[in-house]
Amino acid sequence: MTAMEPAELNQTTELSPWVIITCSAQAGDIPHLAVWRMASGSLPSSQSGTAASSEFSDERGALALFADQLAAQRYAEQVCADAATSFQVKQFSSMELVAVLAECYRVGMRYAALNPSQTAARQIFVLRDVLAAAQKQLLSRAREQGETDDHGNGSDNGQTADQI
């Protein structure tokens, strides 16, 4: 739970984490993502005053993310099996993951925990910072694509607007 160095941030933005989706047997129950409950002193100090206004109003809740499928499976078997009738371990595409993180943030969750156990997590991420980095990366890719298209190397094969 130390501060991330810039090199670590670049590596983690390329991470394709696994998540756990739980669902109970009750009719009409909607699937939920596994949430790791942080100890009260484990919040990053700059964020300890964040208020949330939804079902995730407990600011100590963090979305549980895993670097590999096996770790997610083990965590689900140990922690989620009691709380849910079934669970699924899933890896989202980059765009799906950004949408999931944005929705978690929208409903009041402020953190994600990488490879959590019942007592600790390898790293805690501030969702706002992760979403800002994802937005920056997407804008950069869009600009690069636009520059490629502007130089005739894009999908129009160098044709002018009149030729298309």
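Among the trypsin sites (Lys or Arg not before Pro) found in the range 81-148, those both in a DSSP coil and sparsely packed, with 16 or fewer other Cβ atoms within 10 Å of their Cβ, are Arg122. Extension gain for Ser16 to Ser93 (0.36 nm times residue separation, less C-alpha to C-alpha distance): 27.0 nm. Once the Cβ-Cβ distance between Asp29 and Gln145 is put in as r, and R0 is 41 Å, what FRET efficiency do you end up with, to the nearest 0.05? Here the calculated transfer efficiency is 0.50.
All of the numbers you see were taken from the coordinates with simple rules; none came from a lab. Just so it is clear, the model here is predicted, and its values are computed rather than measured. Positions of Cβ are backbone-derived with ideal geometry, glycine not excepted, and every protein chain shown enters the neighbour counts.
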